[in-house]
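Engineer: Let me begin by handing over the structure; questions about it come next.
The values are calculated or read from the model by the stated rules, or taken from the named source; none is laboratory data. Given the structure is predicted, the values throughout are model-derived calculations rather than measurements. Methodologically, a virtual Cβ is constructed for each residue, glycine included, from the backbone with ideal geometry; neighbour enumeration extends over all protein chains shown.
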Amino acid sequence: MRITREVIEHVAKLSRLSFKEKELEGFISQLNEILQYVEKLNELDTSDVPPTSHMFFTKTPMREDRVREEPSPIDRILENAPQREDNFFIVPRVIE
Amino acid sequence: MEYEAVIGLEFHAQLSTQSKIFCECSTKFGAEPNTQVCPVCTGLPGVLPVLNRKVVESTIMTGLALTCEIAKYCKFARKNYFYPDLPKNYQISQYEDPLAKNGVIEIPIDGTTKRIGITRVHMEEDAGKLIHPESGHVSYVDFNRTGVPLMEIVTEPDIRSPEEAYSTALTLKSILEYLEVSDCNMEEGSLRCDANISIRPKGATTLGVKTEVKNMNSFKAVQKALEYEVARQEKVLAEGGIIVQETRLWDADRGVTRSMRSKEEAHDYRYFPEPDLIPLIVDDTWINEIRARLPELPHQRKRRLQEDYGIPEYDAGVLTASKYTADFFEQAARLYSDAKSVSNWVMGELQRYLNQEGIEIQRCKVTPEKLAELLKLIDDGVISGKIAKDVFGEIFRTGEHPAAIVKAKGLVQIADEDALVPVVNRVIEENPGPVADFLSGNERTFGFLMGQAMKATKGKANPKALNKILRERLKKH
Ligand SMILES: [Zn+2]
């Protein structure tokens, strides 16, 4: 795959990032170089190898369906809210 | 041109667990905002999700009930998108490897059954709730629902009409209720249904362009929205237009679907394997253990009710469509020997009142015990079947015992000859014309005279006794 200006703009938009013109230019060449470097892996025939989704060769631990006894640490969590009112997080209006 | 619809449904059922899918927060509905949250479900740095075993079990059980293949190895994926109801900016879901796939659901339609394929059943977490005040520039976020376990069930596009879609939804709800994996409360949003729909010339094998329809808050709404969408797509094609692939929202007040203009990027979810969760391994021992615990399913119960209680197939089908209706029937039929009569009352009077008042059977004041007691009063000749319907209405409203209502309202049936003879005599006296008509051989007039006599006793006469006395008196006339 080749990284074009459109790809960068699209990914930036999906990630809610904005870049200056100069930064954009830089990314096009940098990301293409990175991809080219990784392309080398394609030289290896992996048709018989199942894709790796995780580095640990074990199975996921599970918990029993139990509710924590302590109350929610609501104040400490709301400390992270850019804006709050009572127990609510407040965000810019998201409906037209 | 004649068209046919091609419909696939996507359900989201909230699983009935105590705690969330990846943390120990409660899932209880209706708590104060943000009182059931923790660092895991609000996506704070440095936390790790730990999978709730019951979520896996419920999903495997559902998969087995829908005759799916259960994956021995499956993984979770991140579905990435920005929206304020999702504190992590990704939803933990399943993508390439769902826990269950390739199943079937058999639905009743037009007196026969049809098989609808089940593409997949997977686990995921719910998002939070946004509250938009009527005015102002802000929205409020409540994360209590964030991380509540959901099961997504996707059907194949095997559904060919809005009625079939309705039947599929009802059948699936019924199965989930029987399995007790979800309470399927549509008002609280614990069961939601979206649809994909396209149309094509009847007999064609290629697919038309589909639209996705959302925002339907009842199964009747699903049927109506799909009926609207079929008509709309037909009109567009008839006028030489083309169907645009898009998401449309059902507007129940206006009875229309409306395009939800959204940017294409919104659908670029960039799924990738969730690095915080190691793949889930399910072994045969566990699957078999869950299989052994599978409860009786609607179609199995239908067959059993026919055999055990000798009721017709139709009755058994209606009664078992809801687990709670079937429970009610069985409890009443154990207390009262004429099961067909119980079935008639449950499908008739009870269902009529429930529909009328919009109450669910498990929350209604008529209990199986009270219905059985009422039917015994008819058998014992205390009240007539007609009066019993009035008493039933009273039980439904007040929850009083049938015998108490009969006593308080003076509804006891009159079978006593001494009481009925004067009534009959008066009716004969007051209706010389019809009496003469009957005596000249017109049997039909008898019904009229019976009606008059019954009316004179305010419906309280024992029909058998009244019939007998009226015939005797007419003969002697
Ligand atoms: Zn939590």
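Engineer: Just need a number here: residues in the stretch B:326-364 that are at pLDDT 95 or above and among the β-branched types (Val, Ile, Thr).
Structural biologist: 2
Engineer: Would you call B:Asp276 outside the structural domain of B:Phe328 (by TED's automatic domain parsing), acidic (Asp, Glu) and in contact with a Pro (Cβ under 6 Å, 6 or more places away or on another chain)? Before you say what the answer is, go through the steps one by one.
Structural biologist: On the way: outside the structural domain of B:Phe328 (by TED's automatic domain parsing): yes; acidic (Asp, Glu): yes; in contact with a Pro (Cβ under 6 Å, 6 or more places away or on another chain): yes.
Spelling it out, B:Asp276 is indeed outside the structural domain of B:Phe328 (by TED's automatic domain parsing), acidic (Asp, Glu) and in contact with a Pro (Cβ under 6 Å, 6 or more places away or on another chain).
The rows are residues; the columns are (1) under 28 Å from B:Glu296 (Cα atoms); (2) among the basic types (Lys, Arg).
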residue	(1), (2)
B:Tyr314	yes, no
B:Gly348	yes, no
B:Gln351	yes, no
B:Gln356	no, no
B:Lys365	yes, yes
B:Thr398	no, no
B:Pro402	no, no
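Engineer: Which condition does B:Gln306 not pass, out of (1) surrounded by fewer than 19 Cβ atoms within 10 Å (Cβ to Cβ); (2) out of contact with any helix residue (DSSP H, G or I) (no Cβ under 7 Å at 6 or more places or on another chain), if it passes all the others?
Structural biologist: That leaves (2) as the condition not met.
Engineer: Being farther than 25 Å from B:Val391 by Cα and of a type in the set (Lys, Arg) is the filter; apply it to the stretch B:414-470 and report the residue that is surrounded by the fewest Cβ atoms within 10 Å (Cβ to Cβ).
Structural biologist: The extreme case among them is B:Arg444.
Engineer: Still on this structure, I have one more. May I ask you to list the residues in the stretch B:1-34 that are surrounded by 22 or more Cβ atoms within 10 Å (Cβ to Cβ), more than 12 Å from the ligand (Cβ to nearest atom) and either of a type in the set (A, V, I, L, M, F, W, C) or not in a strand (DSSP E or B) (or both)?
Structural biologist: B:Ala5, B:Ile7, B:Leu9, B:Phe11, B:Ala13, B:Leu15, B:Thr17
Engineer: Is there any pair linking a residue in the stretch B:100-129 that is at positive phi to one that is surrounded by 21 or more Cβ atoms within 10 Å (Cβ to Cβ), with Cβ under 7 Å and at least six apart or on different chains, and which?
Structural biologist: Pairs that qualify, where the first residue is at positive phi and the partner is surrounded by 21 or more Cβ atoms within 10 Å (Cβ to Cβ), are B:Asn102/B:Cys68.
Engineer: So, one more: Which strands (runs of 3 or more DSSP E) sit wholly inside the stretch B:35-134 and have at least 1 residues that are within 15 Å of the ligand (Cβ to nearest atom) and within 13 Å of B:Glu152 (Cα to Cα)?
Structural biologist: Counting at least 1 such residues, we get B:90-93, B:112-125.
Engineer: Something else about it: Kindly check whether there is at least one residue in the stretch A:81-90 that is within 14 Å of chain B (Cβ to nearest Cβ), out of contact with any helix residue (DSSP H, G or I) (no Cβ under 8 Å at 6 or more places or on another chain), more than 30 Å from B:Arg53 (Cα to Cα) and among the aliphatic types (A, V, I, L, M).
Structural biologist: Taking the stretch A:81-90 and keeping what is within 14 Å of chain B (Cβ to nearest Cβ), we get A:81-90.
Filter again for out of contact with any helix residue (DSSP H, G or I) (no Cβ under 8 Å at 6 or more places or on another chain), leaving A:81-83, A:85-86, A:88, A:90.
Still in the list and also more than 30 Å from B:Arg53 (Cα to Cα): A:81-83, A:85-86, A:88, A:90.
Checking the rest, the ones that are also among the aliphatic types (A, V, I, L, M) come to A:81, A:90.
For the stretch A:81-90, residues within 14 Å of chain B (Cβ to nearest Cβ), out of contact with any helix residue (DSSP H, G or I) (no Cβ under 8 Å at 6 or more places or on another chain), more than 30 Å from B:Arg53 (Cα to Cα) and among the aliphatic types (A, V, I, L, M): present.
Engineer: Yes or no: B:Val40 at pLDDT 95 or above, surrounded by fewer than 22 Cβ atoms within 10 Å (Cβ to Cβ) and over 27 Å from B:Ser218 (Cβ atoms)?
Structural biologist: yes
Engineer: Moving to a separate point now. Out of the residues in the stretch B:135-167 that are in a strand (DSSP E or B) and not aliphatic (A, V, I, L, M), state the one that is nearest to A:Ser72 (Cα to Cα). Explain how you work it out, then say what you get.
Structural biologist: Filtering the stretch B:135-167 down to residues in a strand (DSSP E or B) leaves B:138-142, B:149-155, B:159.
Subset that is not aliphatic (A, V, I, L, M): B:139-140, B:142, B:149, B:152, B:155.
Details: B:Ser139: 22, B:Tyr140: 19, B:Asp142: 13, B:Pro149: 18, B:Glu152: 28, B:Thr155: 38 Å.
So the residue we want is B:Asp142.
Engineer: Looking for whichever is in contact with a strand residue (DSSP E or B) (Cβ under 6 Å, 6 or more places away or on another chain) and under 29 Å from B:Lys340 (Cβ atoms) here; the options are B:Ile387, B:Ile405, B:Ile414, B:Ile395. Which one fits?
Structural biologist: On inspection, the qualifying residue turns out to be B:Ile414.
Engineer: Out of curiosity, is A:Ser72 at the interface with chain B (Cβ under 9 Å from one of its Cβ atoms), without any contact (Cβ under 8 Å) to a residue 40 or more places away in the chain and closer than 30 Å to B:Cys74 by Cα?
Structural biologist: Numbers: at the interface with chain B (Cβ under 9 Å from one of its Cβ atoms): yes; without any contact (Cβ under 8 Å) to a residue 40 or more places away in the chain: yes; closer than 30 Å to B:Cys74 by Cα: no.
Criteria not met by A:Ser72.
Engineer: Collect the residues in the stretch A:72-91 that are under 12 Å from B:Cys38 (Cα atoms) and either surrounded by 12 or more Cβ atoms within 10 Å (Cβ to Cβ) or within 12 Å of the ligand (Cβ to nearest atom) (or both), keeping them in residue-number order.
Structural biologist: Within the stretch A:72-91, A:Ser72, A:Pro73, A:Ile74, A:Ile77, A:Leu78 meet the criteria.
Engineer: If I filter the stretch B:389-407 down to residues being within 25 Å of B:Leu354 (Cα to Cα) and free of Cβ contacts under 8 Å to residues at least 12 places away in the same chain, which single residue comes out as surrounded by the most Cβ atoms within 10 Å (Cβ to Cβ)?
Structural biologist: B:Glu400
Engineer: Moving to a separate point now. Of all residues in the stretch B:309-332, which are more than 21 Å from the chain's Cα centre (by Cα) and surrounded by fewer than 16 Cβ atoms within 10 Å (Cβ to Cβ)?
Structural biologist: Answer for the stretch B:309-332, where residues must be more than 21 Å from the chain's Cα centre (by Cα) and surrounded by fewer than 16 Cβ atoms within 10 Å (Cβ to Cβ): B:Gly310, B:Pro312.
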